[in-house]
Amino acid sequence: MHELLAEGGYPALTMDAVAARAGVGKAAIYRRHASKAEMVFAVTVHGLELQAPPDTGALRTDLEAALADIHTRLDAPAIMRDAPLFIAELGANPELSQRFRDTLMAAELACVVEILGRAAARGELRERPDPAQVHSLMLGAVFAWRFMLRRDPTPALVPDLADLITRGLAAEPRSSDVP
C-alpha cells in the first residue's frame, strides 16, 4: 500500500487497487479495515514508536531535537501531499480521531513530558508548564508553517522555533498570575 500511496496519493488510493496489488479479494481488505482512512492509519501510524530525544543537557536543545523529529515526519513527500486530506478524515471520523490521539499524539506528548521533566530536574523551568500546551506549540508551529502558510523549511526553522518556545517557557509569570 505504501507504493500505491506514493504513486497516486490518498485521493487515488482505492480498496480495489490495494486488493489487486496484494493479490487478494477486496473482501479480505474490508475484513481488516472498515475504510480507506482506517487502512491508511493502520499502515502509517500503527506500531510507530517514538522516544524522547536523548538528554542534551538543556531544554532548548532537547526541544530542538523533538521539533526536528516532528518536522521530519511532517515533511515527508506523501505527508505533505496527503496530510490535509487525512486531517479532514479525522474530523469526519471520531473513532479514528480518538485512535490517532491515543497513538501518535499520545506518544509525542509522552516525549514532551519527558523533556519538561528533565528540564525541571535541572532547574531550567520556573514552573512546570502544561505538557499538552507545549506539545501544541511545537506541533502547531511546524504544521502551520508547512501546511497553512505553505512555507518551505529553512535551516533555521527548527532552531528558531526551539528558541522561541524555550524563551516563552523561561519567561517571568504573567502579572495576572502573580498574587
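Throughout, read-outs are computed from the coordinates displayed, never taken from laboratory work. Because the structure is predicted, anything quoted here is derived from the model rather than measured. Methodologically, a virtual Cβ is constructed for each residue, glycine included, from the backbone with ideal geometry; neighbour enumeration extends over all protein chains shown.
Label separation (ARG126 vs ALA78): 4.5 nm, computed from points 7 Å beyond Cα along the C-beta direction.
About its Cα centre, the dipole of segment 98-146 is roughly 80 debye, where the only charges are +1 on Lys and Arg Cβ and -1 on Asp and Glu Cβ.
Summing charges over neighbours of ALA34, with a neighbour being any other residue whose Cβ is under 15 Å away from its Cβ, gives +2 when K and R count +1 and D and E count -1. The alpha carbons of the chain occupy a box of 64, 31, 30 Å along the principal axes, longest dimension given first.
What are the membrane-span-like helices in the chain by this rule: whole DSSP H runs, Cα extent along the axis at least 15 Å, mean Kyte-Doolittle hydropathy at least 0.0? All intermediate terms of the calculation are to be shown ahead of the outcome.
On the way: long enough: 59-74 (22 Å, 0.06); 77-92 (24 Å, 0.84); 106-121 (22 Å, 1.37); 131-143 (18 Å, 1.14); 157-170 (20 Å, 0.95).
Correct list, ordered by number: 59-74, 77-92, 106-121, 131-143, 157-170.
An oblate overall shape is assigned to segment 85-162, the ratio a/c of its alpha-carbon gyration tensor axes (a ≥ b ≥ c) being 1.5 or greater and a/b not exceeding b/c.
Of VAL112, VAL40, VAL158, which is the most mobile in a GNM of the chain whose springs link Cα atoms less than 10 angstrom apart? Answer for the Gaussian network model of the chain: VAL40.
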